[in-house]
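**Student:** What follows is a structure written as C-alpha cells; I'll ask about it next.
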Amino acid sequence: MDEISKNQSRSLELLAPAGSFEAFKAAVENGADAVYLGGKSFGARASAANFDLEELLKAVRYAHERQVKIYITVNILIADQEFQELLDYLFTLHEMGVDAVILQDVGVAELIHTVLPEMETHASTQMTINTSWGVQHLEALGFCRVVLARETSASEMKMIAETTPLDLEVFVHGALCIGYSGQCLMSSFIGGRSGNRGTCAQPCRMTYQLVNEAQENLLVQKNTGEHLLSPRDLNLAEELAELKRIGVHSLKVEGRMKRPEYVATVIRLYRQAVNRMENPLEGSAATPLLTSGEHQELLQVFNRDFTSGYFRENLGAELMSYSRPNNRGTRLGRVARLEPGRLSLKLEAALHPGDGIEFWTGRGREGVTVGLIWKDQIEVKEGLPGETVQIEFFGMAQPGDRVFKTNDALLMEKARESFQEGRERRKDPLTMRLSGQLGDKLWLEVVESERRVSVYSASAAQKALKRPLTWDYAFQQLGRLGTTPFWLDKLELEIEEGIMLPVSDLNEMRRLAVEELLKGVPCQRVEQQTYRQRIERWKQRQAEERVSLMGSVIPQISVAVSDIETFQAALKAGANRVLIGGEHWRSRRGFSLEEIRSSFEICRKQGIDCTWRLPRILNQAQSVSLLLELKKAAEWEKKPKLMISNLGELEMMRAVEANWAFEVDYSLNVFNEASLAYFLRLGAKKVTLSPELHHEQLAHLAKWPGVELLAFGDLEMMVSEYCPIGSTLGGKKGEHCTGTCVKEPHYLRDRLRYDFPVETDQECRMHLFNVKILNLYEELAQIRRLGVATVRLQLTRQTPEQVRQIVRLFVEAWDSLNEGKKVSWMSDEGMAELTSLFPEGFTKGHFFRGVL
C-alpha cells in the first residue's frame with residue numbers, strides 16, 4: 001500500500017489547541033482526537049496560561065481515559081544553559097506518558113533521538129518544512145510527523161505525501177503568520193521578543209504605510225486600510241475531503257492563546273464536519289460539510305474574515321485583513337436613530353442581552369455590551385432579524401452606522417456548558433457480558449473499543465429467595481458509571497435462572513473493571529538510571545567531537561554579495577572569502593549559473609575562499625529547478641562549496657553528491673552546542689550562528705571550530721509569500737502581477753515613522769529588513785577575544801562602492817587584530833567612515849541585549 005492510500009484508509013485526526021486546563025477540557029469534550037499544549041517552559045506561546053507539571057499529569061490522565069492523545073510543545077530554540085532543565089523536563093513528560101513532543105530545535109531533536117528514542121517527536125512548523133526533501137531529512141532525524149509550513153499548497157502536500165512514511169499535519173483553522181514561521185525575526189529585532197523563543201509580540205498586526213524613497217504614502221488614495229501585514233484567519237472546513245485525499249493525516253486548529261469557548265466551538269464544528277465527510281449520508285456527497293448556521297457560528301466565535309490561505313493559490317490582497325487586525329464579528333445591522341440614552345437598531349441578525357456589539361463609525365469603532373432590549377417600548381428577551389429594537393446607549397454613533405456583533409452570549413453559554421465540571425459528555429461505550437451459574441463466582445467481561453478486561457465476583461452465586469438477578473437489575477447496577485469516561489451500551493446476561501448476587505458484589509465488579517480499563521495500555525518506560533547513562537554518553541561524545549575538530553583556524557572576513565558587480569568590488573577591496581548567490585532580488589540582476597561558475601574560477605586562481613549561498617526559501621517546484629542546477633555544477637572541473645539555508649537543500653545536495661563540501665547559513669537557527677555539533681557531525685565546514693545570540697552565548701559556542709558570526713549588514717526580519725507591493729499596487733493574485741516592485745524602492749513605515757526596506761525576489765516573495773544596519777565594527781576586538789575566527793559582512797543590498805569601502809575597513813581592522821600585527825587598531829576613524837555611508841545609524845542587534 002502506498003503512503004497516500006495508507007493515509008486515506010485512516011481516519012483524520014482532529015488536533016485541538018489548549019492554553020489552559022479549561023480550554024483542554026473544552027477540546028476533549030467537543031470531539032478532539034488529540035490536544036497540543038505547553039508546559040510553563042519551552043513552548044512557543046509563553047503568554048498563554050499553560051500547564052504546570054501537576055496540571056500536565058492531570059491532563060494526560062483525563063485525555064488517555066478518553067482515548068485522546070496529548071502532544072507537548074517544546075517548539076522553541078533552547079539556550080545552552082537551559083539544557084539540564086530541558087533534560088529533566090523531557091524525562092518527566094516521558095514518565096507521564098505524553099504521546100509526543102513538538103520540536104523546532106534540530107539539536108534538541110537529535111538529542112532526544114539519542115537519549116530518549118522511546119519518545120515520539122513531531123517537527124513544528126517552526127522548522128520551515130515545505131518540500132519533500134526537507135521531510136526526508138526529518139525522517140532521518142527520527143521524527144514521526146511533520147507540521148508543514150502554512151505556505152504549502154495542496155499540490156505540494158500531495159507530492160510530499162507520496163514520498164514519505166511520516167504523518168503530515170497541517171493547519172486548517174485560526175490565525176496565520178504573514179511570514180514563514182521559524183524565519184521571522186521582526187518581533188525579535190524590534191523589541192527583543194523572539195518568536196523563536198515563544199515571546200512574539202506580533203508587530204505584524206500593527207499599522208504600516210507603504211512609502212517610496214520620497215516618503216510618499218502610495219496607498220493614501222486607495223483607502224486600503226493600514227494593517228498591511230495582518231492576514232485573515234484560515235478556514236479549510238470545506239477542504240477536509242481534499243486534505244484526506246492528498247494524504248494529510250492531522251488537522252491542526254490554531255489557538256493556544258484563545259479562550260476555552262473559542263476552542264469548544266471551533267472543535268465542535270470541525271468534529272461535525274469530519275464526521276460528515278467520513279460518514280456521508282446517501283446523496284449528500286456534494287453538500288457543504290457545515291450548514292450556513294454552523295458557518296455563521298465559526299464566524300461569530302472569532303474571525304478577521306476567512307481565507308483558504310495558500311491552499312489553492314497565492315491570494316494576494318484577498319489573503320489580508322487590511323482594515324483591522326482583530327475580531328470582526330458578524331454583521332448585526334445598522335443604526336436607525338438615536339434618542340437620549342437609547343439607540344434604535346435595524347437588525348439583520350438576532351440580538352440578545354449580554355451580546356457584545358461594535359459600532360463602525362466615521363470616527364472609529366466603539367463597543368458595548370447589550371443590556372435590556374425594547375421593541376415598541378416593550379421589553380423583550382431578544383430582537384429578531386428584520387425588527388427594529390432599542391438598546392441603552394450613551395456613546396457616539398450616527399444613523400446609518402454599521403453594527404457588528406463581536407460576542408454572542410448564547411453561543412458562549414452553549415460552549416461553556418460543554419466543558420462544565422461534572423457535566424462531561426465525552427464517554428466511550430462499553431459492552432458487558434455477565435455469566436455464571438449457581439455455586440460459582442460470576443464472571444464479568446467488559447469490552448471498550450479494542451480493550452478487554454474481565455473480573456470475578458467476590459462471592460459465589462446463590463439461589464434467590466425473593467429477587468433473582470434479572471437483565472434489568474444487572475443493567476441498572478452495572479450501568480452506574482457516574483463521572484467515569486464510560487457508559488454502558490450493551491449487556492449480555494448468560495446466567496442460570498433463579499440465582500442472585502449481593503449488590504455490593506456487582507458494584508465491586510464494576511469498579512474493578514473500570515479501574516483496569518483506566519490503567520490503559522502499558523507503555524515502554526525507560527529507567528531513570530538508564531536515561532542518565534545515555535545523557536552522559538551523549539555529553540562525552542559531544543566533548544570528544546569538539547576536541548577532534550580542533551586545529552589551526554585562519555581568521556577570515558566573509559563577504560556575502562548578490563551580483564557580479566559587488567562580487568568584483570569585494571575582491572578589489574581585499575576580501576579573502578566571498579559568499580555568492582543567495583536570493584535573487586528583482587531590483588538587481590543577480591548571478592546566473594555561468595557567473596557563479598566563472599566567479600568560482602576567478603577565486604580559485606587568486607586563492608580566495610568562495611562559497612555558493614543557496615536561497616533561504618524554496619517551494620517544491622523551485623527545489624526541482626535548483627536540483628538541476630546542482631547537477632550541472634557537480635560536473636564542473638571543481639565542484640563549488642555550498643552554503644545551505646534549509647534542511648531540504650542538504651538532502652538535495654546529498655542526492656547529487658554524497659560528499660559535497662558545504663556550510664550552514666544562519667537561517668537554520670543554530671542557537672546552541674547541540675545544533676552546532678549536529679551540523680558539524682554531518683560534515684559542515686562552517687556554521688553561521690543565529691543572529692539572536694548575545695555575546696556570552698557566543699563565547700560558549702566559539703569554543704567550537706568553524707563558527708561564523710554576522711558582524712555587519714542588513715538584518716532580514718521576515719520572508720513571506722505575500723507581497724504588500726504587488727498585492728496593493730500590482731493586482732497580484734496567483735501568478736499575475738504588474739511588477740510594480742521593480743519601479744522604485746519601497747518601505748513599510750510603522751506608527752513611529754521608521755521605514756523598513758522591502759525587497760522582492762525573483763519568486764515574488766517579500767523580504768523585509770530592519771530599519772538600521774547591523775554594525776559590530778567597534779566590537780571586533782571583543783569578538784576576536786571570544787574566539788570567533790570568521791565574521792560576515794552581509795552586503796547583499798549594497799552598491800559596489802559601499803561594498804568596497806566596508807570590506808576595506810573590516811579587512812584592515814580584522815587583520816590588525818590577529819597575530820603578527822604590531823599596529824594597534826582603533827575604531828574611531830573606521831566608524832566615522834561607516835557613519836558617512838549610513839547616516840541613518842546602526843544597531844548592535846542582539847550582541848549585548850539577547851532575546852527573551
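The values are calculated or read from the model by the stated rules, or taken from the named source; none is laboratory data. Just so it is clear, the model here is predicted, and its values are computed rather than measured. Positions of Cβ are generated from backbone atoms using ideal geometry, with glycine treated the same way; all protein chains shown enter the neighbour counts. Calculation scope for accessible area: heavy atoms of the full protein, side chains included, ligands and nucleic acids excluded. Shrake-Rupley method; radii C 1.70, N 1.55, O 1.52, S 1.80 Å.
**Student:** Calculate for the chain the 222 nm mean residue ellipticity that helices alone would give, adding -39,500 (n - 2.57) per DSSP H run of length 4 or more and normalising by residue count, nearest 500 deg cm²/dmol.
**Tutor:** -9500 deg cm²/dmol
**Student:** With charges only on Cβ, +1 for K and R and -1 for D and E, what is the dipole size of the range 520-641 about its Cα centre, in debye, rounded to 20? Before the final figure, lay out the partial values.
**Tutor:** Working: 22 positive and 14 negative charges, 62 e Å.
The calculation lands at about 300 debye.
**Student:** Does the range 730-852 come out rounded, prolate or oblate by the C-alpha gyration tensor, with a ≥ b ≥ c the root eigenvalues, rounded set by a/c under 1.5 and, if not, prolate when a/b is larger than b/c and oblate if not? Show your work: numbers first, answer last.
**Tutor:** On the way: a/c = 2.42, a/b = 2.18, b/c = 1.11.
Since a/c reaches 1.5 and a/b is larger than b/c, the shape of the range 730-852 is classed as prolate.
**Student:** Oh, and also: Which listed residue (Ser457, Tyr678, Leu430) has the Cα farthest towards the positive end of the charge dipole for the chain, taking +1 on Lys and Arg C-beta and -1 on Asp and Glu C-beta about the Cα centre?
**Tutor:** Of the listed residues, the answer is Tyr678.
**Student:** If the reach is capped at under 22 angstrom between alpha carbons, list the lysines near Lys346, excluding any in the same chain fewer than eight residues apart.
**Tutor:** Lys375, Lys381, Lys405
**Student:** Something else now. Enumerate the amide H contacts of Lys69 below 5 Å, restricted to partners 5 or more residues apart or on another chain; note that Pro and chain-start residues carry no placed amide H.
**Tutor:** Here Ala34, Val35 satisfy the definition.
**Student:** Name the residue farthest towards the positive end of the dipole of the chain from the options Pro288, Ser9, Pro399, assuming +1 on Cβ of Lys and Arg, -1 on Cβ of Asp and Glu, about the Cα centre.
**Tutor:** Pro399
**Student:** With all protein chains present and a 1.4 Å probe, how do Ile391, Ile378 order by accessible area, largest first? It would help to have the intermediate numbers written out before the result.
**Tutor:** Details: Ile391 0, Ile378 110 Å².
I get Ile378, Ile391, largest accessible area first.
**Student:** How would Lys638, Lys381, Lys69 line up by accessible area, probe 1.4 Å, largest first? Show your work: numbers first, answer last.
**Tutor:** Working: Lys638 140, Lys381 180, Lys69 100 Å².
The ordering from most to least exposed comes out as Lys381, Lys638, Lys69.
**Student:** Another question about this same structure. Roughly how many Å² of Leu281 are accessible to a 1.4 Å probe, to the nearest 10?
**Tutor:** 140
**Student:** For a test of the definition: using alpha carbon positions, the gyration tensor, and the 1.5 limit on a/c, classify the chain as rounded, prolate or oblate.
**Tutor:** Numbers: a/c = 2.38, a/b = 1.44, b/c = 1.65.
In terms of gyration-tensor shape, oblate.
**Student:** Please calculate how many Å² of accessible area the chain carries per residue, with a 1.4 Å probe and no DNA, RNA or ligand atoms counted. Mind dumping the intermediate values first?
**Tutor:** On the way: 35290 Å² over 852 residues.
Dividing the accessible area of the chain by its residue count gives 41 Å².
**Student:** Let me ask something additional. Let me make sure I get this right: for the range 424-582, a, b and c are the square roots of the gyration tensor eigenvalues over alpha carbons, sorted descending. Under 1.5 in a/c it's rounded, otherwise prolate if a/b > b/c, else oblate. Which is it? Each step should come with its number before you reach the end.
**Tutor:** Numbers: a/c = 7.54, a/b = 3.48, b/c = 2.16.
Because a/c hits 1.5 or more and a/b exceeds b/c, the range 424-582 counts as prolate.
**Student:** Could you give each residue of the range 359-364 its phi-based ³J(HN,Hα) in whole Hz, using Karplus coefficients 6.51, -1.76, 1.60 with θ = phi - 60°, and x for Gly or Pro?
**Tutor:** Computed from phi, the couplings for the range 359-364 are 9, 9, 9, x, 9, x Hz.
**Student:** Another question about this same structure. What does the highest-first list of 730-737, 776-783 look like by mean Cβ count within 10 Å? The partial results should precede the final answer.
**Tutor:** Working: 730-737: 15.8, 776-783: 18.1.
By packing density, highest mean first, the sequence is 776-783, 730-737.
**Student:** Okay, next question. Leaving ligands, DNA and RNA out of it, work out the accessible area of Phe662 with a 1.4 Å probe and give it in Å² to the nearest 10.
**Tutor:** Counting only protein heavy atoms, Phe662 exposes about 10 Å² to solvent.
**Student:** Of the heavy-atom accessible surface of the range 570-666 (probe 1.4 angstrom), what whole percent is carbon and sulfur? Before the final figure, lay out the partial values.
**Tutor:** On the way: 1850 of 3930 Å².
Roughly 47 percent, rounded to a whole number.
**Student:** With point charges of +1 on the Cβ of Lys and Arg and -1 on the Cβ of Asp and Glu, referenced to the Cα centre of the range 175-241, which listed residue (Cys177, Cys200, Val211) lies farthest in the positive direction of the dipole?
**Tutor:** Result: Cys200, furthest along the dipole toward the positive end.
**Student:** If you don't mind, another one. Pull up the DSSP beta bridges for the range 509-662 and report the antiparallel fraction as a percent, rounded to 5. Can you show the working numbers first?
**Tutor:** Details: 0 of 12 bridges.
The answer is about 0 percent antiparallel.
**Student:** Amide H of Leu176 versus every other amide H placed in the peptide plane: which residues, excluding those fewer than 5 positions away on the same chain, fall under 5 Å?
**Tutor:** Hits under the 5 Å cutoff: Leu234.
**Student:** Please report the antiparallel percentage of DSSP beta bridges with both residues in the chain, rounded to the nearest 5.
**Tutor:** Numbers: 69 of 138 bridges.
Within the chain, antiparallel bridges account for around 50 percent of the total.
**Student:** With all protein chains present and a 1.4 Å probe, how do Lys844, Lys686, Lys58 order by accessible area, largest first?
**Tutor:** Working: Lys844 65, Lys686 25, Lys58 120 Å².
The most accessible residue leads, giving Lys58, Lys844, Lys686.
**Student:** Would you please put 804-816, 642-654 in order of how densely packed they are, using the mean number of other Cβ atoms within 10 angstrom per residue and starting with the highest?
**Tutor:** Numbers: 804-816: 20.5, 642-654: 24.8.
Per-residue mean Cβ counts within 10 Å order the peptides as 642-654, 804-816.
**Student:** Can you give me the solvent accessible area of Glu594 with a 1.4 Å probe, rounded to the nearest 10 Å²?
**Tutor:** 100
**Student:** So what are the ³J(HN,Hα) numbers for the range 213-218, from phi and the Karplus equation (6.51, -1.76, 1.60; θ = phi - 60°), rounded to whole Hz, Gly and Pro as x?
**Tutor:** Using θ = phi - 60°, the values come out as 5, 7, 6, 8, 6, 6 Hz.
**Student:** Applying the Karplus parametrisation 6.51 cos²θ - 1.76 cosθ + 1.60 with θ = phi - 60° to the phi angles of the range 442-458, what ³J(HN,Hα) value in whole Hz is obtained for each residue in order, glycine and proline being reported as x?
**Tutor:** Couplings: 6, 10, 10, 10, 10, 10, 10, 6, 9, 9, 9, 10, 9, 9, 10, 6, 6 Hz.
**Student:** Now a separate question. Quick one: dipole size for the range 51-139, taken about the Cα centre, charges +1 on Lys/Arg Cβ and -1 on Asp/Glu Cβ, in debye to the nearest 20.
**Tutor:** Working: 4 positive and 15 negative charges, 83 e Å.
Rounded to the nearest 20 debye, it is 400 debye.
**Student:** What is the magnitude of the charge dipole of the range 332-482 about its Cα centre, with +1 placed on the Cβ of each Lys and Arg, -1 on the Cβ of each Asp and Glu, and no other charges, expressed in debye to the nearest 20? Each step should come with its number before you reach the end.
**Tutor:** Working: 24 positive and 22 negative charges, 140 e Å.
Dipole magnitude for the range 332-482 comes out near 680 debye.
**Student:** Quick one: which residues, 5+ away or cross-chain, put their amide H under 5 Å from the amide H of Asp105? H built at 1.01 Å from N.
**Tutor:** Answer set, sorted by chain and number: Ile76.
**Student:** If the range 639-700 were replaced by its equivalent ellipsoid, with semi-axes equal to the square roots of 5 times the Cα gyration tensor eigenvalues, what would those be, largest first, whole Å? Before the final figure, lay out the partial values.
**Tutor:** Values: eigenvalues 107, 22, 17 Å².
Whole-Å semi-axes of the equivalent ellipsoid: 23, 10, 9.
**Student:** Using the C-alpha atoms of the range 365-426, what convex hull volume per residue, in cubic angstrom, is computed?
**Tutor:** On the way: hull volume 8.9 nm³, N = 62.
That works out to 144 Å³ per residue.
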